[in-house]
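Asks: Provided herewith is a single structure, encoded as structure tokens, for subsequent inquiry.
The values are calculated or read from the model by the stated rules, or taken from the named source; none is laboratory data. What you see is a predicted model; the values in this text were computed from it and never measured. Cβ placement follows ideal geometry from the backbone for every residue including glycine, while neighbour counts extend to all protein chains displayed. Just so you know, the surface numbers come from the protein's heavy atoms only, side chains and all, with ligands and any DNA or RNA stripped out. Shrake-Rupley method; radii C 1.70, N 1.55, O 1.52, S 1.80 Å.
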Amino acid sequence: MKRALKVLLLTALSYLVQVCVMRYLAYRSVVGSVVFAVLAIIVVSCGKKYAFCASCIIGMAMECMAGNVPALYVIAYPAITMLCAQTFADMTDRQLERRRLAYERRQVRISSGLGKSHWWHTFLLRYRETDMPAFIRIPLCAGEMDLILNIVLIAYMYLIGEDLNLTHLMRLGGSCLYTMVIAYLLMFPCRSFLGMYPRRKRNEGGDKP
């Protein structure tokens with residue numbers, strides 16, 4: 001219950017900062033997404049259930065206050081969050097075991113001469129036996145979320161007849177990078193607030209061991 005309240009507080013604060021503050025922090029008309037940065041932190045730190053609930057709250061709030069296209073945000077935020085969570089959330093024990101067995105089967109095939117050794121494929125299988133570090137997954141997850149939403153918005157602009165040019169692509173890339181930087185800056189205090197970094201216990205005398 002305590003973690004749920006903390007996630008709710010972070011969700012509300014991210015929305016308020018996004019709609020009230022970020023417009024003043026735009027760089028060459030490019031605005032990063034605090035919302036996606038916080039959602040990425042929740043995905044990696046708390047799991048898919050918390051992330052889905054937080055994304056639904058964000059989607060409804062954005063739809064009510066900043067929505068220009070009917071039902072876009074209320075659908076896009078949960079859908080994008082859960083799509084990215086499939087890649088960046090902590091893997092279950094079953095997924096870890098399946099990846100370990102896939103790596104071992106490939107090594108057996110290579111040693112028996114039945115398969116070719118591609119270093120990049122072997123490296124990916126070996127590396128994905130465990131979860132990537134959180135400080136790598138969080139910025140990547142935030143950047144992917146922002147990228148997907150911007151692609152959806154650009155596609156909508158094209159469909160309604162607006163001409164697209166290189167500026168749109170540059171702003172898309174700038175927005176993704178901006179969001180990744182925000183995620184990197186926020187993840188340490190936010191993860192500490194969520195209790196992801198265990199504190200050292202004090203001894204009976206009140207001094208840290």
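Asks: Among the residues that make up the range 139-153, is at least one of them at pLDDT below 90 and either open to solvent by 60 Å² or more (accessible area, probe 1.4 Å) or touching a Leu at 6+ places or on another chain (Cβ under 7 Å) (or both)? Working first, answer last.
Replies: Of the residues in the range 139-153, the ones at pLDDT below 90 are 153.
Still in the running and either open to solvent by 60 Å² or more (accessible area, probe 1.4 Å) or touching a Leu at 6+ places or on another chain (Cβ under 7 Å) (or both): none.
Looking through the range 139-153, none of the residues is at pLDDT below 90 and either open to solvent by 60 Å² or more (accessible area, probe 1.4 Å) or touching a Leu at 6+ places or on another chain (Cβ under 7 Å) (or both).
Asks: Taking interchain pairs and intrachain pairs at least six residues apart, which have beta carbon atoms under 8 angstrom, with the first residue in the range 190-205 and within 12 Å of I41 (Cα to Cα) and of a type outside the set (G, A, S) and the second modelled with pLDDT of 55 or more and in a loop (DSSP other than H, G, I, E, B)?
Replies: Qualifying pairs under 8 Å: R191/Y197.
Asks: Separate question: Only one residue in Y50, Y73, Y24 is surrounded by 15 or more Cβ atoms within 10 Å (Cβ to Cβ) and either under 30 Å from L169 (Cβ atoms) or of a type in the set (D, E, K, R) (or both), so which one is that?
Replies: Details: Y50 fails: either under 30 Å from L169 (Cβ atoms) or of a type in the set (D, E, K, R) (or both); Y24 fails: surrounded by 15 or more Cβ atoms within 10 Å (Cβ to Cβ).
Checking each option against the conditions leaves just Y73.
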